[in-house]
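**Student:** First, the structure itself, so that you have it in front of you.
Where a number appears in this text, it was derived from the coordinates with a stated rule and is not lab data. Everything numeric in this text was worked out from a predicted model, so none of it was measured. With ideal geometry, Cβ positions are generated from the backbone for all residues, glycine too; neighbour counts draw on all protein chains shown.
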Amino acid sequence: MTERLTWIQQEIEGLKENGLYNRIRTIGSPQGAWLIVDGKRVLNFCSNNYLGLANHPRLIEAAREILDRYGVGPAAVRTIAGTMEIHLELERRLAAFKKVPAAITFQSGFTANLATIPALVGKEDVIFSDELNHASIIDGCRLSGAPIIRYAHCDPTDLERVILENQGKYRRALAVTDGVFSMDGDIAPLDQIYEVTSKHGVMLMVDDAHGEGVMGKGGRGIVDHFNLHGKVDVEVGTLSKAFGVVGGVVAGDPLIVEWLRQRGRPFLFSSAVTPPDVAAAIAAVDLLEESTDLVDRLWENARYFKAEMKRLGFDTGKSVTPITPIMLGEAPLAQQFSRELFEENVFAMAIGFPTVPRGKARIRVMISASHSRDDLDKGLEAFAKVGKKLGVI
Ligand code: PMP
């Protein structure tokens, strides 16, 4: 090791000492309700594969077919030679699905946020941001150079307070919030937030990564859930959770989409989404438009699991979505709980500080339509056993 890099070793040791080191488990099977994790077959309560599409035959077939026709890579950024007909088809299909006039796709939800926020605001402007927003929103905000003013989580009254406090001090303003918050499974009160932002001429952006394919009619997202079509200015989504593929999307007013084609830096300077990903995403939209079965099953599973967990005596926090936190308090307890679950063949992540506040450590269970009732019952049994052993219930 050269001396120039010894600081990295010290930093890594520091992470280990503080319990912040990421030990990455390895998956040796396709995504689904059951996984081979580090060589062991376990029930999967960890993934964002809400509808089980990551390994769905229709998506695989669509990707395979386009591989034969278009090959593997896009070979360019979208603004040079990377815009293929299927990219435009996916964007038309996503806009229609979400009932908005236009959509543009990115390589991921993360890059969609990095593209969008700096395209909308700069140094002379201001951003009002929910205090629990996702890291990719925070990074997009920082990249824009605009002052970032945080408002209390899911609190439209506090949002109005910070807007009024800053009136006259900026050129343009953007309010930004997650739709579904990924650690608690609670949702932004978007209707009340819209009332505040529209009253004060503030642009409104929602990141619906965990609402896409989950909330709204047939999984059309949180804007559909609140019936705010045409009112929320920018809707960011991901194709990598419920849609089962990888990629990001921004949907809304055609002006925003046109602006992002001109000024969204990852669109201009990073290669396009690959043809097989695009084809698989189109197949995902087909499936969601054909039937609400998968979304219905997801919700049925989520309601069942949450009700049974409560019946067992667990605290599932503020969740109103399939994201189900099991509140445990201190991080060591959550970590021990997760290890004991793994012994019982259940794979569920412990989440602690700094991802969630100190004293609010939890196990986060991600429910999917791919879970059978039997899978959920096996999971509940394991939770009951470990919960009793550790004195949680
Ligand atoms: N926004 C939110 C709220 C997310 O939870 C995530 C994924 N963790 C992203 C954006 C990033 O999406 P992607 O994985 O497609 O980059």
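**Student:** Sort out for me the Cα centre separation of segment 168-239 from segment 63-87, rounded to whole Å.
**Tutor:** Using only Cα atoms to place each centre, the spacing works out to 31 Å.
**Student:** Tell me whether segment 57-290 comes out rounded, prolate or oblate; compute the Cα gyration tensor, take square roots of the eigenvalues as a ≥ b ≥ c, and use a/c under 1.5 as the rounded threshold.
**Tutor:** Taking the square roots of the gyration eigenvalues as a ≥ b ≥ c, segment 57-290 is prolate.
**Student:** Okay, next question. Pairs to check: K217/K318; K40/K217; K99/K306; K123/K241; K217/K306; K99/K360. Give those whose C-alpha atoms are more than 26 Å from each other in this structure.
**Tutor:** Exceeds cut-off: K40/K217; K99/K306; K123/K241; K99/K360.
**Student:** Please give every one of the lysines within straight-line cross-link reach of K389, meaning a C-alpha to C-alpha distance under 19 Å, and leave out same-chain neighbours fewer than 8 residues apart.
**Tutor:** Result set, ordered by chain and number: K310, K378.
**Student:** Highest first, please rank the peptides 145-152, 68-75 by the mean number of other Cβ atoms sitting within 10 Å of their residues.
**Tutor:** Most protected by this proxy first, the peptides run 145-152, 68-75.
**Student:** Suppose we look only past 38 Å in the calculated P(r) of the chain. What percent of the Cα-Cα pairs does that tail hold?
**Tutor:** Beyond 38 Å sits 22 percent of the P(r) for the chain.
**Student:** Between D293 and N345, what FRET efficiency comes out of the Förster formula 1/(1 + (r/R0)^6) with R0 = 30 Å and r the beta carbon distance, rounded to 0.05?
**Tutor:** Efficiency for this residue pair is about 0.60.
**Student:** Would you list, by chain and number, the aspartates and glutamates whose Cα falls below 16 Å from the Cα of K388, excluding same-chain residues fewer than 8 positions away?
**Tutor:** Filter leaves E308, D315, E340, E343, E344.
**Student:** A further question on this structure: Return the long-range amide H neighbours of A76 (sequence gap of 5 or more, or a different chain), with a cut-off of under 5 Å between placed amide H atoms.
**Tutor:** For A76, the qualifying residues are A272.
**Student:** List the aspartates and glutamates whose Cα sits under 17 Å from the Cα of K199, skipping any in the same chain fewer than 8 residues away.
**Tutor:** D155, D158, E160, E165, D191, D233
**Student:** With a 10 Å radius around each residue's Cβ, average the other Cβ atoms per peptide and rank 191-200, 246-255, highest first.
**Tutor:** So the order, starting with the most tightly packed, is 246-255, 191-200.
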